[in-house]
């Protein structure tokens with residue numbers, strides 16, 4: 001090493017020792033070891049100065065201004081060209097390393113990411129910078145059905161009341177010289193209450209050290225996927241979720257409107273005895289019949305196994321060319337009675353009595369999805385100390401409300417379905 005390199009190394013060792021000494025939880029034995037190392041380097045510096053450099057100093061390697069271009073990655077979930085996706089993964093990795101206190105990473109983040117990582121909680125959380133947050137949202141939308149189809153409302157507070165028109169003005173036919181009767185639009189408030197969702201991800205230190213690009217891509221993919229999966233579970237849930245998210249999913253919101261299920265306008269009960277078999281095509285057709293015309297972007301939502309184990313069998317039994325008159329059921333983009341089928345793997349996949357299983361609805365008009373706070377990341381090397389891994393904890397806050405669920409009425413002619421039509425099995 002040259003004198004300049006030794007001086008730089010000694011300064012780094014002393015800086016590390018100073019940081020540890022200022023931390024009351026640090027091991028003082030490690031501080032003493034670093035101080036001894038700094039003294040040895042100082043002695044070596046003096047020896048080199050006295051003897052002169054015995055060999056020519058190798059030139060410093062040329063710095064790569066765009067290091068992400070020198071690496072490659074097998075599966076990069078981030079959008080853009082190869083270089084753009086690699087840069088985003090590299091930025092994710094550098095930002096995550098900056099949370100660990102890596103000085104070079106902190107400097108890179110400060111120089112390359114416009115939105116700085118500022119602490120947002122007393123626990124030391126750091127909000128994902130805007131350039132990275134937009135890509136995380138992209139991944140959550142790519143993985144999650146709910147975010148792709150629900151209407152998203154930014155939430156500026158923990159509770160957001162969204163006005164929803166429930167009644168229109170009235171048309172009258174006044175006579176000559178007769179005042180026109182006034183009428184008003186009527187509105188109801190759809191309330192969104194922010195709930196916190198958290199995920200803990202384990203990342204090996206070797207991955208964090210060996211490849212910044214792989215590290216960033218792995219972290220982004222995992223955080224986005226598990227959060228999108230949980231959002232889908234909450235939105236399409238048909239079970240009581242009061243002890244977990246506290247949010248009522250679409251299937252439950254419709255099915256639990258009334259104890260007398262036949263009086264629920266937006267609910268279609270499958271034929272009696274169909275629990276052991278499949279819902280009939282007549283049941284499916286009734287769901288389409290109930291769907292209001294303003295639900296212009298309606299889709300079917302169900303588990304893939306449920307579709308092929310139940311509806312697929314009914315369609316197979318048609319025989320001949322009749323199946324083409326109803327749907328294009330098989331392939332990457334199946335349709336049923338003209339409406340796209342979206343597979344939601346968090347929805348029920350088995351036939352269960354007294355349970356909702358299928359949704360036909362327009363989520364863009366029948367639901368409200370609130371975004372309260374972006375993803376906040378915290379990191380620790382204590383949780384997985386024995387495994388020599390890092391723990392990344394991600395949290396975010398969101399709200400959801402399925403509001404256009406129709407009415408309940410004992411008189412069939414007075415039942416008014418909403419834009420969310422649910423199919424359910426009858427009780428045994």
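What to note about this one:
- Checking each residue in region 6-40 for being farther than 27 Å from residue 381 by Cβ and surrounded by 13 or more Cβ atoms within 10 Å (Cβ to Cβ) picks out 6, 7.
- Complete set of residues in region 214-229 that are closer than 15 Å to residue 346 by Cβ and buried (at least 23 other Cβ atoms within 10 Å of the Cβ): 227
- Of the residues making up region 376-420, those that are assigned to a strand (DSSP E or B), in the same structural domain as residue 285 (by TED's automatic domain parsing) and more than 22 Å from residue 245 (Cα to Cα) number 1.
- The set of residues in region 344-375 being within 19 Å of the chain's Cα centre (by Cα) and either within 21 Å of residue 241 (Cβ to Cβ) or without any contact (Cβ under 8 Å) to a residue 12 or more places away in the chain (or both) consists of 344, 345, 346, 347, 363, 367, 368, 369, 370, 371, 372, 373.
- Filtered by the rule that a residue be closer than 18 Å to residue 396 by Cβ and out of contact with any strand residue (DSSP E or B) (no Cβ under 7 Å at 6 or more places or on another chain), region 238-248 gives 241, 244.
- Meets criteria (at negative phi, assigned by TED's automatic domain parsing to the domain that holds residue 361 and buried (at least 17 other Cβ atoms within 10 Å of the Cβ)) for residue 254: yes
- Residue match in region 230-240 (condition: at pLDDT below 90, surrounded by fewer than 19 Cβ atoms within 10 Å (Cβ to Cβ) and not in a helix (DSSP H, G or I)): yes
- The set of residues from region 138-158 being free of Cβ contacts under 8 Å to residues at least 12 places away in the same chain and either assigned to a helix (DSSP H, G or I) or touching a helix residue (DSSP H, G or I) at 6+ places or on another chain (Cβ under 7 Å) (or both) comprises just one member, 148.
The values are calculated or read from the model by the stated rules, or taken from the named source; none is laboratory data. Bear in mind that the values here come from a model prediction, so they are computed numbers and not experimental data. Reconstructed Cβ throughout: ideal geometry from the backbone, glycine too, with neighbour counts over all protein chains shown.
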